[in-house]
Amino acid sequence: MKDVLLITLKGIFRDRIFQGIMALAGLIVFIPSAASLSMRQVTELSITLSLSTISFIMLLLSVFLGATSMWKDIERRYTFSVVSLPISRTSYVFGKFFGIALFLVLTAFVLGCAAMISIKVSSMGYPPARPVEWGLIMAAIVFDAFKYILLVGVAMLLSAVSTSFFLPVFGTVSIFLVGTITQQVYDYLHTPASEKVVSAIVKNAALVLYYLLPNLQSFDLKVYAIYSIKPSLGGVLTTFCYGGIYTAVLLLASSLLFGRREMK
Amino acid sequence: MSNGVALDIQGLSKQFKGKRGLRVEALCGLTMQVPQGEVFGFLGPNGAGKSTTIKCLMGLIAPTAGSATIIGETIGSVESRMKVGFLPENPAFYDYLSAEEYLQFVGRTFRMPDDLLARRVEESLRLLELSDARKRPIRSYSKGMVQRVGLAQTMIHDPELYILDEPMSGLDPIGRALVKDIILDLKKRGKTVFFSTHITDDVEKVCDRVGVIVKGRLMALDRVETIMRSGIEGYVVQTKAGIGNHTALASFGLIRSSEVFREYSVPAGRFNEFTALVSHHALEITLIETKRKDLEAFFLEIVENVAR
Ligand SMILES: Nc1ncnc2c1ncn2[C@@H]1O[C@H](COP(=O)(O)OP(=O)(O)OP(=O)(O)O)[C@@H](O)[C@H]1O
Ligand SMILES: [Mg+2]
């Protein structure tokens with residue numbers, strides 16, 4: 001597994017998509033000056049901008065890397081030479097996944113450091129109303145990375161069964177979009193107002209989806225970081241466990257499906 | 001245990017399910033063994049099922065029926081692949097890596113210690129004449145160079161069994177000769193080589209035994225030597241003109257004659273009679289050529305029989 005992981009990492013670093021996306025990351029440097037244009041809540045704004053930029057970059061990375069990594073191997077016939085080596089299909093899938101996950105963690109770390117420097121610069125020029133909670137900013141970035149690692153798991157699962165990159169790429173994006181609103185839909189379905197508009201069948205279908213699809217919204221701690229409000233520890237821990245279990249299930253399913261796949 | 005059998009295939013079959021329930025019977029009940037130390041040629045026309053067999057052996061696809069073991073290990077397991085150097089058909093390798101990096105990756109998956117691996121990488125790059133390109137990404141390699149990387153990566157861990165799917169394809173004559181030399185050298189070192197091809201000449205030069213597969217069925221399996229010998233139809237013999245009594249040979253067909261020599265066609269069954277007459281009548285033989293049906297003819301005959 002370690003060998004596949006290292007090869008995957010090397011592949012990412014030498015990939016053009018990666019180099020393009022990383023050029024985007026250079027934008028973080030300009031955040032303090034951009035935020036200062038607003039004249040009000042400059043620090044809050046630069047926290048928002050930094051965290052959103054990081055989140056967006058990680059979304060791009062997780063979709064492209066997660067969805068194309070295995071597909072590319074199959075499409076370019078690398079699988080014949082790799083899967084026939086004395087590594088199990090499970091190690092192959094896990095190696096790919098952890099290679100990408102590790103890369104996301106590294107990205108989060110590097111971008112996180114850059115962002116914190118940007119925020120520091122902003123806060124020195126325009127002191128915020130409430131002191132910046134660095135711990136919360138870090139937590140927000142960590143949980144964001146975690147969310148995208150889970151998304152990579154989704155992409156791996158779709159790649160394990162798909163023959164084209166269409167399903168993994170668009171499937172992952174759709175699940176991401178649905179995953180971010182599923183909590184709102186759930187909450188809405190539990191309001192009395194919804195009873196009149198939504199039929200029982202639709203409601204039950206939506207509930208099934210709610211439990212089946214990943215709930216990504218709870219990973220979003222940005223608001224807490226921006227306004228320096230402490231989130232509830234229990235909630236954060238629950239999210240952490242939820243993410244871990246969900247990702248593990250995705251990985252197991254991917255390796256099971258990929259293990260039975262014919263390399264024709 | 002393997003009991004000296006490198007490859008044991010029992011009733012291996014594979015059906016591909018196509019669209020609209022269409023089934024392709026790519027391989028039907030293949031049963032054969034390859035003993036350790038043998039060079040085995042797996043000969044068959046396009047679409048015969050050679051690659052299908054090999055993919056089953058390497059666990060890339062699951063056979064619909066039957067089983068096989070590689071040096072005693074059931075196919076599809078990591079342990080079975082541990083003992084094999086495998087070259088896929090028209091191989092492709094991570095093209096962002098250089099040959100050197102790729103070979104290191106392969107060696108590590110075989111859990112080779114670092115110092116041994118470094119030495120072997122060096123050796124196999126040199127053997128396949130890739131030393132100059134070793135640092136360049138595989139992306140920049142020519143087709144033949146990629147094939148050479150493919151061969152290098154089969155040898156890196158010095159396996160007991162080599163399974164090569166068309167090892168000579170894409171190579172120039174120098175490369176083909178090199179591969180033949182490598183195979184003969186592996187044989188000398190007691191290794192087993194199982195390779196597929198549709199070129200009879202390759203088989204003739206290096207193989208101990210050959211199996212002919214057509215439309216998923218094994219149609220013939222024999223020692224190359226036996227086939228070659230059974231294919232002998234007769235001899236073309238030249239005798240020196242002007243020495244001895246040539247009228248004694250009148251019952252043999254005279255192909256041509258000149259002032260220097262006379263050339264006779266001698267059927268395989270009458271060769272002894274011919275030589276007896278030669279010595280009895282003080283004639284002198286200057287040249288003997290074997291006239292035989294070669295492996296190619298043997299192969300074509302089988303393929304045509306199946307087609308009929
Ligand atoms: N994925 C697949 N789906 C359906 N049929 C297949 C598939 N792969 C191979 N076949 C069929 O199986 C048969 C055997 O194919 P195989 O690739 O084993 O031939 P081969 O002997 O390797 O030929 P070649 O010399 O051209 O490489 C062919 O009839 C082919 O059409
Ligand atoms: Mg083939």
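The values are calculated or read from the model by the stated rules, or taken from the named source; none is laboratory data. Computed from a prediction, not measured in an experiment: that's the story for all the values here. Every residue, glycine as well, gets a Cβ built from its backbone with ideal geometry; the counts of neighbours run over all protein chains shown. Please note that ligands, DNA and RNA were not included when accessible areas were found on the heavy atoms of the full protein model with its side chains. Shrake-Rupley method; radii C 1.70, N 1.55, O 1.52, S 1.80 Å.
Tabulated results
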read-out	value
Euclidean distance between Cα centres, the stretch B:154-168 to the stretch B:216-262, Å	39
Cβ-derived FRET efficiency at R0 51 Å, A:Leu167 paired with B:Leu300, nearest 0.05	0.65
Sequence-separation-based contact order of the stretch B:232-292, relative, with Cα cut under 8 Å and 6+ spacing, percent	54
Inter-site label distance for B:Asp222 and B:Asp208 at 7 Å from Cα along Cβ, in nm	1.9
Tensor-based shape of the stretch A:95-241 (alpha-carbon gyration tensor, a/c under 1.5 rounded, otherwise prolate or oblate)	oblate
Total charge dipole magnitude, chain A, about the Cα centre, Cβ charges on Lys, Arg, Asp, Glu only, Debye to nearest 20	480
Percentage relative contact order, chain B, counting C-alpha pairs under 8 Å, at least six apart	19
A:Thr238/A:Tyr188 FRET efficiency (R0 25 Å; Cβ-Cβ; nearest 0.05)	0.70
Charge dipole (debye, nearest 20) of the protein assembly as shown; +1 at Cβ of Lys and Arg, -1 at Cβ of Asp and Glu	1220
Share of alpha-carbon pairs per 10 Å distance bin for the stretch A:115-154, given as whole %	26, 39, 22, 11, 1
Listed residue pairs exceeding 19 Å between alpha carbons, taken from A:Lys2/A:Lys96; A:Lys2/A:Lys264; B:Lys83/B:Lys187; A:Lys96/B:Lys143; B:Lys17/B:Lys55	A:Lys2/A:Lys264; A:Lys96/B:Lys143
In order through the stretch B:242-257: 3J(HN,Hα) via Karplus (6.51 cos²θ - 1.76 cosθ + 1.60), integer Hz, x for Gly, Pro	x, 10, x, 9, 6, 5, 4, 8, 4, 6, 9, x, 8, 7, 7, 8
Gaussian network model of chain A, Cα within-10 Å springs - most flexible of A:Asp187, A:Asp73, A:Asp15	A:Asp187
Gaussian network model of chain B, springs between alpha carbon atoms under 10 Å - residue of B:Gly175, B:Gly144, B:Gly269 with greatest fluctuation	B:Gly269
Cα shape, chain A, gyration tensor, a/c 1.5 rule	oblate
Distance (nanometres) between label positions extended 7 Å along Cα→Cβ at B:Thr74 and A:Phe109	4.2
Top of B:Thr200, B:Thr275, B:Thr109 by mean-square fluctuation, Gaussian network on chain B, Cα under 10 Å	B:Thr275
Kirkwood Rh (inverse of mean 1/r, distinct Cα pairs), chain B, angstrom	22.1
Sulfur and carbon atoms: percent of accessible area, the stretch B:134-183 [1.4 Å]	58
FRET efficiency, A:Val178 to A:Ala23 (Cβ-Cβ, R0 35 Å, nearest 0.05)	0.75
Selection from B:Met155, B:Tyr102, A:Tyr227 lying farthest towards where the dipole of the protein assembly as shown points positive, charges on Cβ	A:Tyr227
Net charge dipole size for the stretch B:232-292 [Lys, Arg +1 and Asp, Glu -1 on Cβ; Debye, nearest 20]	80
